[in-house]
Amino acid sequence: MKNMHIVKGVYYDSVTLMLVARELKQIEDVREATLNIATPANIAIMRQAGFEIPEGAHSPDDLLVGLDCPAERQQELFQTARTWLASPPWKKESEKTTYQPKSLDGALSILPEANLALVSIAGRYAAAEATKALERGRNVMLYSDNVSLEDEIRLKQLAHSRGLIVMGPDCGTAVINGKGLGFSNACPTGPVGIVSASGTGLQEVMVQLARRGIGVKHGLGTGGRDVKTEVGGISFVDGLNALARDPDIQVLVAIGKPPAAEVRARILATMEQSGKAGVACFMGDRNHPDAPPVFFATQLEECAQVVSVLLEKGKQVDKATVKQARQALFGSYPVPPPHERKDGYLKGLFTGGTLCYEAQFMAQPIVGPVWSNAPLHSEQKVQGNSLSMTGHCMVDYGEDEFTQGRLHPMIDPSLRTERLLEQLKDPMVGVILFDVVLGYGSAAQPVDELVAALQQAGYREGSSFPTLVCSICGTEEDPQVLSAQRTKLKQAGVKVFESNAAAALFAALLAQSPQGKEEKNG
Amino acid sequence: MTQLKQANQQAFDKLQQARPAVVGLGLASDVVPGMEKNMLLHAGPPIEWQRMSGPLVGAVLGAILYEGWAQTPDEARAFAAAGKVRFDPCHHHQAVGPMAGVVSPSMPVWILEDENTGKKSFATLNEGLGKVLRMGAFDPEVLQRLHWMKDVLYPVLRGGVENYARQNGGLNLKNMVAQALHMGDELHNRNKAATSLMIRTLAPFLVESLEGSNEPAATLTNLAKVFAFMGGNDHFFLNPGMAAAKLSLQGIGHVEGSSLVSVMARNGTDFGIQVAGLGNRWFTCPAAQPDVLLFPGFTPEDVNPDIGDSAIMETYGVGGFALACAPAIVQFVGGTPQDATNYTLEMYEICIGENQHFTIPSLDFRGTPTGIDLVKVVQTGITPVLDTGAAHKEPGKGQVGAGIVRMPSEAFVKAAEAFVEEYEA
Amino acid sequence: MDSKHAINPLDALLQKGPVVVNMGMESFFHDLQAQEVPVVHVQWRPPLATQGLLQKLQKIGGESS
C-alpha cells in the first residue's frame, strides 16, 4: 500500500533524505520509500509514482515521506523514518550528541582558527555562503556546482583582493599539506605542487606520482571554468604563485583542458617566472614543444612521468632526456595480441569526468570518432538520451543528467554498474572500458556489486562476452586498498591496467576496425 | 559598528536594564489599562470568534459564565457569536496569558512594575493542572475554582504581597528567575524551583498579613488553603514570570532600526511576532502543529495548534533557550541532557547577545542566548524553539503533551519584508 | 592586508594545513576527521528569504552581520 506522510517544519539535506530512503528499502516489507522536500517538482514526481498528495499549499518547510509497504506497518515505518532522520543509524554515538552548529558564524565561534570553508550545499545557496566565508577572511573550497559565472567571477575577485583563494565551483578534489579535501587518495607528500582545473585529473596525476614514489605537498583545485576568458584564471594563477612561494616545492604542475589563449599565456608566464621547473598538462591539446623550465604533457600519466624526470635530473634537464622518458612510458603500455581483438563497439562507462575525457582522447586516433555526453568535440555529442549509445561511445556518469536525485557515481556506482551489465549482454559490443576511483569520498566497496554480477552471469575472460578493461585510480593506503580491488577485478576476469591512459589505449586497440559491423548511426 | 548592530545593541541593553518586580494584585477591570466592561483578553495576536480553536473557545465560554454574562454554555456560545464580547490580545493591554490566556474584567491579576522605567504589566493567577480554564475547560468545577481564586486566593495573596512590598519594595522577580535557572528550572515548562522560591519568600509576610486584617477572607484556614494551592501547583510562578518577561521586553519600546524580536505569541490558530524597530505591528502566520511527546491515550490527531503567550519566555532569553539549565526536563519531553544543551547552543546562533543576569552553570555560566535577531533567523533558517505544553483541540480536554516546538518561518519572513521596506532607503 | 608583514592568508593555509568548516555533505566531515584534520560540521539549512530579500537585509546590515 502506498501512503504519504507529511512532516511539517523540518529541514534535512537531500543526501540525508536519500540515505534514509535507502536504509528503509533494506527492510523486507518496504517496496518503495521516498523522502522529498515538498517542492512542486517533487510533488509531481511523487504523484506520478502513485502517492496521493492532498491538494493545497505545501511549503518547503514540509517533508513528504512516501512509503510503499503493508498497511499495518505504515505508522511504524513512518516513525522509523522520523527516528532515523533525527538520529541516523549510520552515525557514531558520540556524533549524535556533540553540538553541530547550524550556520557559518556558529561554526566560527566554535572553531575560530578555521582557515577554509568546504562548501557543498546546493548551488543556488552556495555563492552567498562562500561570500560570507571570504568576508570573514577564510579560504573557500566550493564543491557545489550550478553556481553562476557572474557569482564565480565576483567570488574570485573578492578572494584575490584579500589574498585568499576560491577553489571551485565544481571543485571535487584538493590536497593541502598532504591532507585530502573532497575526493582524494592517500598519497605521500613531497616536493610537487599542483594546480588543477579537474578533480579526477588531479587524483590520477597524484596516484601516478605515488606509483613512482613521488609525493605532492599541495594540489589546489580551481573548478573547470577558471581558465575560461571570463574568469581569466584568477584562482589558477594565484594558486601557482602561492605554490611558487613555498620553499618545499621544486616542481609546479598545471592540469586542465586547454585554456583560453590569454589565460594560457598567463599560466605559462607564471610558471616560467617561478624559479621552479614546471609541467603544463593541457589534456587533449595538440603537442607543444617543451620550453624549459616548462615542459608539456597531454596525458595524465605522461605528466607524472615528466615530473619524475624533472625531479630526478633537475630543472636544467635537456629536452631529449625528457622526450626519451615519454617514449619509454608509451612504449611500456601493453598492446593486445591480434587474436584478442574483438568485433564490436568500444563502450566506456566512467565515474570520473576527466578520465572519460582522456580515454576518448586516447581512443580516437585508433578507433575513429567516439560519441559521448561529454565529448572531445561538440559534433560528437550523443543525441537524445545519453543512455542509448551508438557506435563507439563513452559516457561520464558524473554529468548532471545522471546525478539528479542520485548520489555521484564515485560515491554510489550502482547506476554505472547496471548500465555496464546491460552492455555486457549487447551483441554489438566488443569491449567495455571503465574506471574505478578509490580514496576518501568514494564508495567503500566500489566493485563488489559488479564482481558479484559478473560471477552470476558466468563471465569469463576470452569468452564470447565483451572484453572488460579497467584502470584503478587508487593507492595501497586508500581505505579501499588498491591491491584488494585489483585482485577482486582480476579474479572476475577483468583486465586491470595501472593507468587510465594505458587502459584506454589497450581497449581501443582491442576494438580497432570492427570487421563486418557497419556503424548504423553516423 | 553598523547601524543595525548599534540599534540592536541599544535594544539589547534596554532589555538588560529592566527590573521587573511584583508590587501588588488587583482586579483586571480596576488595574488593566483599556479593560472594558464587555471585554475579554486572550493570548496571541488578534483573532475573531469564528477562527478561534477549541481551547480558546472553551476558555471564552468559561469566562462568559464566570462573569455571569450568560447562565449556560449554550447561552454563552450565543452571546459570543452575537458579537457581544469585545476580544483583544493581552499584549495590547500590557498583559500576557498562558495557553488560552483569557482575562475577564472580574479576574484577579498580578501587578508588576519595572523599577527602571516605572511601567507596569499584568497576568492572571495560575489555576493549576488538569481541567482548567486556560486549557478550555468550562464545567462547574472550573468555575468554582475561579470563584474561589477571586474570593479567597486573591485577597489573601494580595495582603501578603502588599505587606512584603511595604517592607521590602517590590518582589524582585529577575533575581528569582536567575536563581531558579541555577536550580534546574527553565521558566517555561519547568517552574518548580521558581515557584518554591516565591512561596518561601512570601510565606512570613503572608502569615504576618493576617494580623489586624480587615479582609474577611484573611483567616488561618484560608491561608492554609492558599499555601496548599500554591504549593500544589508547580507552574504557579509561570504567570508572574511571563509578566516579568513582558514588562522587560515592553520596556525596550520602539528602537529605530532594530531587528530585535520583542514579542512572540500564539492564539491557537495564528503565530505572531513583533519587532523593536517596527513598533507594535503584528506579523502572523498559521501556528505550529506541536510534534511532541504525548501523554498516554492521546494521538497526534488530538493536538491543538500551538497556543499561548508563554512564548514571551523564549523572547526574554529563558524557556527553550535555557534548556541547558534544565536537564531533568528531558524525561518529560524526550531526548538526552545533551539534546537539551544543543537546543540552547543552537539559539545562540540567532540571538544578539548573551544575557547578563541569566547564566547557565553547565556552560561555565555563559549567559543565556538573548534578543532574537530577526535578520539572523531569516539568514540562517533557524527559527526559535519553545519548550511548551500542547493542548487538546477540543475545549476542556486539557493538556495532551509537552515538548519542543519549532516556531514557523512565515511570520519571520513577513517581518523581514516589512523591515526592508521600512529601512531600505 | 593589515600590515606588510602579515602573511597572506592563502600562504598561511598552505603552511599550517587546513582547519575546516564543512558545510554540506557530511561524508567530507568524516573523511577529514579520519585524516585528523580539525573540522566542524555545519548542519546547514537554507535561508528563509529569497535572495533578493537577503541582499537587501545585508545592505541594511552594512558589512555582513
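Coordinate-derived values only; no laboratory data. All values reported here derive from a predicted model rather than from experimental measurement. Every residue, glycine as well, gets a Cβ built from its backbone with ideal geometry; the counts of neighbours run over all protein chains shown.
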Rounded to the nearest 500, the 222 nm mean residue ellipticity computed for the protein assembly as shown from DSSP H runs (n ≥ 4, each -39500 (n - 2.57)) alone is -11500 deg cm²/dmol
per DSSP, antiparallel bridges as share of beta bridges in chain B, % nearest 5, sits at 90 percent
Largest fluctuation, B:Cys325, B:Cys90, B:Cys285 only, Gaussian network model of chain B with Cα springs under 10 angstrom, belongs to B:Cys285
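Applying 1/(1 + (r/R0)^6) with R0 = 56 Å to the Cβ-Cβ distance of B:Glu75 and B:Glu424, what FRET efficiency is obtained, to the nearest 0.05?
Taking R0 as 56 Å, the efficiency between B:Glu75 and B:Glu424 is 0.60.
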Contact order relative to length for chain A, counting C-alpha pairs under 8 Å separated by 6 or more residues, stands in percent at 10 percent
For region B:223-318, averaging the sequence separation of alpha carbon pairs under 8 Å that lie six or more residues apart and dividing by its residue count, the contact order in percent is 28 percent
Rounded to the nearest Å, the spacing of the alpha-carbon centers of region A:26-86 and region A:199-254 is 44 Å
One finds the C-alpha centres of region A:303-347 and region B:368-425 to be spaced, in Å, by 65 Å
Going fewest to most other Cβ atoms within 10 Å around each Cβ, A:Ile234, A:Ile194, A:Ile411 line up as A:Ile411, A:Ile234, A:Ile194
A student applying the Cα gyration tensor rule (rounded when a/c is under 1.5; otherwise prolate if a/b is larger than b/c, oblate if not) would label the protein assembly as shown prolate
At 20 °C and 1.002 mPa s, the Stokes-Einstein diffusion coefficient in µm²/s for region A:2-97, with hydrodynamic radius from the Kirkwood sum on alpha carbon pairs, is 157 µm²/s
Checked against a 24 Å limit on the C-alpha separation, the offending pairs among B:Lys14/B:Lys119; A:Lys132/A:Lys156; B:Lys414/C:Lys56; A:Lys347/A:Lys381; A:Lys228/C:Lys56 are A:Lys228/C:Lys56
The extension gain from A:Glu272 to A:Ala453, computed as 0.36 nm times the residue separation minus the Cα-Cα distance, is 60.0 nm
FRET efficiency for B:Ala228 and A:Ile110 from the Cβ-Cβ distance with R0 = 45 Å, rounded to 0.05, comes out at 0.40
Expressed in nanometres to one decimal, the distance between label points 7 Å along Cα→Cβ at B:Arg200 and A:Val15 is 5.1 nm
Sorted by chain and then number, the residues having a modelled amide H within less than 5 Å of the amide H of A:Gly439, at least 5 places away or on another chain, are A:Gln480
For region A:22-66, listing trypsin sites (Lys or Arg not before Pro) in a DSSP loop whose Cβ sees at most 16 other Cβ atoms within 10 Å gives A:Arg31
Percent relative contact order for chain B, counting Cα pairs under 8 Å at least six residues apart, stands at 21 percent
Inter-chain shielding metric for A:120-132, i.e. average beta-carbon neighbours from other chains within 10 angstrom, reads 4
To the nearest 20 debye, the protein assembly as shown has a Cα-centred charge dipole, built from +1 on Lys and Arg Cβ and -1 on Asp and Glu Cβ, of 1140 debye
If each part is reduced to its alpha-carbon centroid, region B:156-176 and region B:15-72 end up apart, in Å, by 24 Å
Within region B:144-248, DSSP-loop GluC sites (Glu not before Pro) with at most 15 other C-beta atoms within 10 Å are B:Glu211
